[in-house]
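Below: the structure, in structure tokens.
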Amino acid sequence: MRVALICQDKPGALQTRIDNRAAHLDYIASTGIVDLAGPFLNAEGQMTGSLVVLNVDSMAQAQAWADGDPYAKAGLFDSVRLQEWKRVVG
């Protein structure tokens with residue numbers, strides 16, 4: 001199953017994102033369950049959140065991945081949502 005992880009950063013937390021970006025990208029690469037990922041951007045082009053599509057066996061596995069993300073551990077996110085997602089195109 002695919003699960004979309006939709007996260008919005010806390011206001012003013014860009015430096016937290018920058019400081020933890022390498023660890024976040026390493027985590028994505030090492031876990032092997034990320035289909036696609038990228039940041040949300042504001043009007044100025046600054047990163048303000050994340051969209052990660054996970055290919056997992058269960059919502060529990062998706063939640064465990066989200067909890068283990070270095071961004072989450074650093075307290076970056078103001079909100080986090082997990083939603084089952086169906087690929088139709090792409």
Next on the checklist: Out of everything in region 1-52 that is part of a strand (DSSP E or B) and of a type in the set (D, E, K, R), what residue ends up being nearest to residue 71 (Cα to Cα)?
Outcome noted: 9
Checklist entry - Looking only at region 10-45, which residues are more than 16 Å from residue 72 (Cα to Cα) and loosely packed, with under 13 Cβ neighbours inside 10 Å? => result 29, 30, 32, 41, 42, 43, 44, 45
Checklist entry - Which of the following residues is touching a residue at least 24 places away in the same chain (Cβ under 8 Å) and closer than 12 Å to residue 6 by Cα: 87, 81? => result 81
Checklist entry - Looking at residue 34, is it in contact with a helix residue (DSSP H, G or I) (Cβ under 7 Å, 6 or more places away or on another chain), modelled with pLDDT of 95 or more and aliphatic (A, V, I, L, M)? => result yes
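The values are calculated or read from the model by the stated rules, or taken from the named source; none is laboratory data. All values reported here derive from a predicted model rather than from experimental measurement. All Cβ positions, glycine included, derive from the backbone under ideal geometry; neighbour counts span all protein chains shown.
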